Amino acid sequence: MGFDEQVKMLIEEAEIPERLSPENIAVMLKEKTAEKNRKEIKMSSAGIKSKNRAVAIRSAAAVAACIALSCGVTAVIQNNNRPAVTNPEYIQGHKVSDYHDVYSVIQDTIINNPADDGIGWGEISNDTVYPDVTEIEEYGSRDYLIKTFGRTAEDITVTDGKNLYCILNGALNVISAENGSMTELIKIENAEKAPVGMYIAGNRLIVVSNNTVEVPYTAGNEVAATGESGTADSSAETTTAPSLPETVTQNNTVIDIYNIADKTNVKLENTYKQNGAYISSSMNGSVLYVVSNYSNFRTKPLDSEEDLDSYIPAYYTDDGKNYVGATDISIPAKASNNYTIVAGLDIEKASPFRSIKVVLANGKSAYFTDNSVYVAGNSSGSAFIAKFALSAGDVIAPIVATVDGQWSEVTSIDEYNGTIRISTSSVAADGSKNGVSISVLDENLIPAMSLNGLCAGKNISAVEFKGNKAYIIVPGENEPYEVTLDGSENVPVAVSDKSVYLYKCTDTEFLGISAKTDENGKAEGIVLTMYSTADGINFEEVSSIEAKGVLSAALSGGKLDLRALLIDSKNGIIGIPTVKSDTYGNSNLYYVFSYKSGEGFSALGSIEYTDLSKKYEFRRSVIIDDTLYAVSDGRIVSARISDIKVIETFEID
């Protein structure tokens, strides 16, 4: 499986068959002759009802860090020395005491009230899915905007300073890299896992993978495996229960910990697995935190409280399968059928698992700070934010709050002076997006302020927080809209003629990328621009340089993936992959530029190959000593940094 397919799996979960829709499950299960007695759960009405909507369940997950055109993805926020917050009960929502609590809520949400206004399967199916744009030419007239957040350490290509560790064509490749000469040391393949990122910590390599399995679907005790006639209640018309599938798809997130002390004999030390498609992770020293979204695909109808596989997420260690404990599950006032799962691991321990916490909420994006992870998503017609405090591998039960708007491609989270700011899409009465909402909460997620309908009617691409202001980026407009976070909206502030949504290279210099177009608006090149700023708000262009081609799929594909860029601020090196198409195929290029303060950009050179297959598009690059290694799924090219003269081309089997 190629990397594109792996990414697609992360951002799009399997579709639930029509026969497993909430209303059809209700038909089947209401054929029971008697209703089991259940304990009453006192929650808001919005938390125990569901809406009768479409059946496609999709969990959009951010796989790549620092994406600009899709802001609702992982971003590492630098905010040092902030104490962890103890979660107050009054905003915690319902604390689960046993599995009966969870069972009752899900039964009421999905089965008993499938057509009422509230949350449940319908809420998940109603989430807007933003499709990736696959045709590179469609980006010709757009500006490419780069977030100022730092990149995450997780990537598909990492190095220990002597060797390359690359995820290529679904396999883990360990390659010796010495002065540009490359030798394959080991290749690890597993058809059951799709690796999506890695970390290096000392003599250990941590590989994050998605694992998709087909789970047999079994009919409930009162429902046959094929359609039967029955009634939802004694007064209703006769209804035919739908037939059931043989299997359903389930996603898991897998963490493999390898000992790489001997690069020719890489040993698997530990494997940890938790239910749910991978959203994000962050590593601090030897501690790894992992976030996944479990869509609760059922192995049978939810007709027995004892069938934990039907509604309780699990995790797997050396001790085998473990269900998440009831006291580790939180149910917010507006519950969902999806679980957000956060676990802490210490990879240096013989048994890495430290803790796990779960909230019954449909998390889509994760934002890590030094001692917390914020997860955002949609819940019952509004966005939600959950804050999990983190400490030495321990995960604390989350605080959960709802905010105005909907989670979308403009969603971003930021901490500032003891407050949390979150941007969402405003929603009009007809359900359409209508500008931006910005909510400000204190560190306990108690609302302090909400601004709705900002830039209403405009196509918003991003929201950037700086100080006590937010900057709303509107494609096609030269200047962002400035919003002072005391409730007032100002006219656009003059900052630059292109964009303030830039990658921070130094404390005062920021890099931006834009498309160069011909007279017909067709993309014909890339422009890199360096901006200087004294206050982080007002920017001045100091230098620019052009490259041929358009951004490769590694950088675009609907989102701008910062990790495909090489930004070496220490040595003043910037690398960028591009693609040119002609009658002979695609020219895959990797440009390398030098940048020095006071002198500007200069071109060091480029690597170029003509190929028919997209697997040769450059996706990553790293520098070891004075050698650049440009990596694609089909080949790795080494070149001297001084003049980008190719040293060796290493073909990937």
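The values are calculated or read from the model by the stated rules, or taken from the named source; none is laboratory data. Everything numeric here is computed off the predicted structure, so don't read it as measured data. Counting neighbours? That spans all protein chains shown, and the Cβs are built from the backbone with ideal geometry, glycine included.
Under the condition of being of a type in the set (Ser, Thr, Tyr), under 22 Å from Asp535 (Cα atoms) and within 25 Å of the chain's Cα centre (by Cα), the residues counted in the range 447-483 number 1.
Residues in the range 170-190 include at least one that is modelled with pLDDT under 90, buried (at least 18 other Cβ atoms within 10 Å of the Cβ) and either in contact with an Asp or Glu (Cβ under 7 Å, 6 or more places away or on another chain) or part of a loop (DSSP other than H, G, I, E, B) (or both). From the list Asn337, Asn251, Asn293, the one residue that fits, being touching a residue at least 24 places away in the same chain (Cβ under 8 Å), more than 16 Å from Ile206 (Cβ to Cβ) and not in a strand (DSSP E or B), is Asn337. Residue count for the range 370-397 satisfying the condition of being within 24 Å of Leu288 (Cα to Cα) and touching a helix residue (DSSP H, G or I) at 6+ places or on another chain (Cβ under 8 Å): 1.
Residue selection: Pro332 fails the criterion of being buried (at least 24 other Cβ atoms within 10 Å of the Cβ) and under 28 Å from Gly285 (Cβ atoms).
Looking across Asn586, Asn520, one residue alone is of a type in the set (S, T, N, Q), part of a strand (DSSP E or B) and at pLDDT below 85. It is Asn586. Residue under question is Val174, and the condition is that it be over 18 Å from Ser621 (Cβ atoms) and either free of Cβ contacts under 8 Å to residues at least 60 places away in the same chain or among the hydrophobic types (A, V, I, L, M, F, W, C) (or both); does it hold? For Val174, the condition - over 18 Å from Ser621 (Cβ atoms) and either free of Cβ contacts under 8 Å to residues at least 60 places away in the same chain or among the hydrophobic types (A, V, I, L, M, F, W, C) (or both) - is not met. Among the residues of the range 338-354, those identified as in contact with a Ser or Thr (Cβ under 7 Å, 6 or more places away or on another chain) and among the polar types (S, T, N, Q) are Asn338, Ser351. Give me a count of the residues in the range 339-361 that are within 20 Å of Ser372 (Cβ to Cβ), of a type in the set (S, T, N, Q) and more than 17 Å from the chain's Cα centre (by Cα). Residues in the range 339-361 being within 20 Å of Ser372 (Cβ to Cβ), of a type in the set (S, T, N, Q) and more than 17 Å from the chain's Cα centre (by Cα): 1 in total.
For the range 445-461, a residue qualifies if it is in contact (Cβ under 8 Å) with a residue 40 or more places away in the chain and either under 13 Å from Asp404 (Cβ atoms) or crowded, with 16+ Cβ neighbours inside 10 Å (or both), and the qualifying residues are Leu445, Pro447, Ser450, Asn452, Ile460, Ser461. Residues that are of a type outside the set (D, E, K, R) and under 14 Å from the mean Cα position of the chain (by Cα) do not occur anywhere in the range 391-406.
Checked against the criteria, Lys357 counts as charged (D, E, K, R), at pLDDT 95 or above and out of contact with any Gly (no Cβ under 7 Å at 6 or more places or on another chain).
Looking only at residues in the range 621-653 that are out of contact with any helix residue (DSSP H, G or I) (no Cβ under 9 Å at 6 or more places or on another chain), farther than 17 Å from Thr159 by Cβ and acidic (Asp, Glu), the one that is modelled with the lowest pLDDT is Asp653.
The conditions of being exposed (fewer than 14 other Cβ atoms within 10 Å of the Cβ) and either out of contact with any strand residue (DSSP E or B) (no Cβ under 8 Å at 6 or more places or on another chain) or outside any loop (DSSP other than H, G, I, E, B) (or both) are not met by Ala639. Does Leu205 satisfy the condition of being out of contact with any Ser or Thr (no Cβ under 6 Å at 6 or more places or on another chain), within 28 Å of Ile644 (Cα to Cα) and at pLDDT 95 or above? Taking the combined requirement at face value, the residue does not satisfy it. Scanning the range 412-444 for residues that are buried (at least 20 other Cβ atoms within 10 Å of the Cβ), in contact with a Lys or Arg (Cβ under 9 Å, 6 or more places away or on another chain), of a type in the set (S, T, N, Q) and in contact (Cβ under 8 Å) with a residue 60 or more places away in the chain gives a single hit, Ser412.
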